[in-house]
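Peer 1: After the structure tokens below, expect a handful of questions from me.
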Amino acid sequence: MRAFSLVASLALALPIAAQQIYDIYATIWDRSQLFTYTNLGSSPINFVSPGAIGDADIVVNDAQVYQTIVGHGATLTDSSATLLNNLKNANSGTYWSILGYLFDPTDGNGGAGLSYLRVPLGASDFSASVYSFDDVSGDTSLSSFNINKAPAAVFSVINDIKGINPYLKVHLLPWSPPGWMKDSGTMNGGNFLNQYITTYANYLLKSLQGFQSHGITAYAIGIQNEPENNNPTYPTAIVTASQEAQIGTALRTLMNNNGFSGTRIIGYEHNWNDAGGYPVQIMQQAPNAFAGVSFHCYSGTDDQQDTFHNAFPSKEIYFTECTGSNGSDWWSDIKWYMDNLFIGSTQHNAMSVLMWNLALDSNGQPETPGSNSCNPPCRPIVTISGTSYTMNQEFYAMAQSAKAIVPKDVNGPFGQRIGVTVGGSLSWALVVGAYVTARVSSTDWLRYSIVVLNWDDSASTTWNPQPVKTTIEFRGMQAKYTFPVGVTTLWWYAPANSNGPLHSSNNVTETNAHFNSTSASFTPTPVSNATGSSAAPQFTASVSWSIASASTSASATQSTAGADKSVPKVRGARWW
């Protein structure tokens, strides 16, 4: 009996004792590490019986399971697609290296696994010219509709990214209806006219069909980017909440009848500050048409997402646009992005975080001629200069966050947010997001990830970056780690919670990507890749699958003890 008790005790204890941290990604304030991977090998961090807590104490509560994070990413504007395609023609190796570093989701590879692209329908403020897919005035039959007015590079780049990351979600969205559907008669500014509600719904359906003809089935579609923005210098439009609700209702019926029942309609697409207004109104008027709404960062605060969530807790929330500007401070930007977007917005129920342009040149170009939307120039995720490139601070904040939620297994689900709190004398120094990623096999242990911002840098006074000695509490066990000033992502594995299977407050149906074969490897150059020859690409893949505005809030500054929470420069001219 004694022997049985000892064996039984060991059997019960081993799964807990075996929880170890091997994998760490870090981006440090001084850029000494940039999305740098460390495998602890023979010296993992063990979860052991708890002792005294550290200066900060992270408590992970996997009994609290919230929304699925379906992917992070950016917007593939016409300008972004054109720059990337030009690079592909000039130096295909560099092109594939960039795409691999950005989008490769393969476990164990160095890619960030970005999985969400927003794509304009027609011109935006980053296009070579102003156009819609039907610029023939009064063409209510849409007989002149032509999806190929978009640059061919848009379709080819998306399909290249799909070859690297078959989990890719594409979110289509117009910056303006055709000009003849508005009182201005032009794409730039003006009010949408009620008489074209049905015509515009058909226009959006044709857009879905047009992308599908290029091998791209949309995850989501929106009615109007920033529907309260009437800037006359680039494609914008005023679309009222009542109009958007009517368009959404008509479009939902058309989509259901034409093979797009699985594609979401996402409403609003504008700033946090009106979270209790426009998005609530469209849900009140058309709850069956819209799966959810999305937000931008240019006015208001991330916690205002809760206003919408509290009114419609079963509806989805996405965060789909924010940008940095040339000349802002690298580390200050990363702090703001983590606190307000990649950790902050998701803590307020966002299922994705997207930045603005995926790629631009060093001057924030090419911008649509005459547009004043970016002053100072907008900074993209990756800056392309000829055949060289630089990953910007937006990438590193996003990569640290995306790595925590990409599927662990082929065909596996994305991560879900779980409960986490921070205590201890230096609790203010850490901002933490926690996630669990389920597995394809019920016998495989789940992956538990935390993304930790340490902003104990005394930036507002003497500048004195301090690492924080931290304990991590999980299911009654404790691990210890000292977090440097920067962003750290780490994870461990544990059996499923005895409380039962994972669940979510959002009913999210993932699009599964079925691989037949995968062979992928690449060697990323994180910061800058100098001009090279047209040698073989650094990333090669063989994959096949089947698919089953007023002034900005940036002037505000908050300070919590030693943490500098200054908001980075963002586009103040983005909304009106």
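Peer 1: Kindly establish whether Asp160 is assigned to a loop (DSSP other than H, G, I, E, B) and assigned by TED's automatic domain parsing to the domain that holds Leu208.
Peer 2: Against the criterion (assigned to a loop (DSSP other than H, G, I, E, B) and assigned by TED's automatic domain parsing to the domain that holds Leu208), Asp160 does not qualify.
Peer 1: I'd like to check something: does region 234-244 contain any residue that is closer than 26 Å to Leu168 by Cβ and part of a loop (DSSP other than H, G, I, E, B)?
Peer 2: yes
Peer 1: Here's another thing I want to ask about it. Consider Ser124 carefully, then state whether it is modelled with pLDDT of 95 or more, in a loop (DSSP other than H, G, I, E, B) and not basic (Lys, Arg).
Peer 2: yes
Peer 1: Further, regarding this structure: Scan region 254-289 residue by residue and report those that are within 21 Å of Thr236 (Cβ to Cβ) and not in a helix (DSSP H, G or I).
Peer 2: Ile265, Ile266, Gly267, Tyr268, Glu269, His270, Asn271, Ala275, Gly277
Peer 1: Then there's this: Condition test on Glu226, is it assigned to a helix (DSSP H, G or I) and within 15 Å of Trp175 (Cβ to Cβ)?
Peer 2: No, not satisfied.
Peer 1: Moving on. Give the number of residues within region 307-362 that are surrounded by 20 or more Cβ atoms within 10 Å (Cβ to Cβ), among the charged types (D, E, K, R) and either within 15 Å of the chain's Cα centre (by Cα) or within 29 Å of Leu87 (Cβ to Cβ) (or both).
Peer 2: Number satisfying all stated conditions: 4.
Peer 1: Six or more apart or on different chains, Cβ under 6 Å: which pairs go from a residue in region 76-88 that's within 15 Å of Met355 (Cα to Cα) and part of a helix (DSSP H, G or I) to one that's among the aliphatic types (A, V, I, L, M) and modelled with pLDDT of 95 or more? Could you list them?
Peer 2: Ser80/Leu358; Ser80/Ala359
Peer 1: From Asn229, Asn256, which residue is of a type outside the set (D, E, K, R), modelled with pLDDT of 95 or more and within 25 Å of the chain's Cα centre (by Cα)? It would help to see each step written out before you state the result.
Peer 2: Working: Asn256 fails: within 25 Å of the chain's Cα centre (by Cα).
When all the criteria are applied, what remains is Asn229.
Peer 1: Right, another one. What number of residues within region 47-68 satisfy the criterion of being closer than 25 Å to Val485 by Cβ, surrounded by 13 or more Cβ atoms within 10 Å (Cβ to Cβ) and not acidic (Asp, Glu)?
Peer 2: Total satisfying the criteria: 7.
Peer 1: Pick from region 296-320 the residues that are of a type in the set (S, T, N, Q) and in contact with a Phe, Trp or Tyr (Cβ under 8 Å, 6 or more places away or on another chain): which of them is nearest to Pro174 (Cα to Cα)? Before you say what the answer is, go through the steps one by one.
Peer 2: We begin by selecting, within region 296-320, every residue of a type in the set (S, T, N, Q); these are 299, 301, 304-305, 307, 310, 314, 320.
Within this subset, residues satisfying the condition of being in contact with a Phe, Trp or Tyr (Cβ under 8 Å, 6 or more places away or on another chain) are 299, 301, 304-305, 320.
Numbers: Ser299: 21, Thr301: 25, Gln304: 25, Gln305: 23, Thr320: 14 Å.
By that ranking, first place goes to Thr320.
Peer 1: Now, a different point. Residues that are within 17 Å of Ala112 (Cβ to Cβ): list the strands (runs of 3 or more DSSP E) wholly contained in region 402-464 that include at least 2 such residues.
Peer 2: Because the criterion is at least 2 residues that are within 17 Å of Ala112 (Cβ to Cβ), the strands (runs of 3 or more DSSP E) in region 402-464 that meet it are 430-437, 446-454.
Peer 1: Residue under question is Gly108, and the condition is that it be outside any strand (DSSP E or B) and crowded, with 21+ Cβ neighbours inside 10 Å; does it hold?
Peer 2: Taking the combined requirement at face value, the residue does not satisfy it.
Peer 1: Tell me, which residue of region 127-157 that is part of a helix (DSSP H, G or I) and of a type in the set (Gly, Ala, Ser) is surrounded by the fewest Cβ atoms within 10 Å (Cβ to Cβ)?
Peer 2: The residue in question is Ala152.
The values are calculated or read from the model by the stated rules, or taken from the named source; none is laboratory data. Please read these numbers as outputs of a predicted model, since none were measured by experiment. Counting neighbours? That spans all protein chains shown, and the Cβs are built from the backbone with ideal geometry, glycine included.
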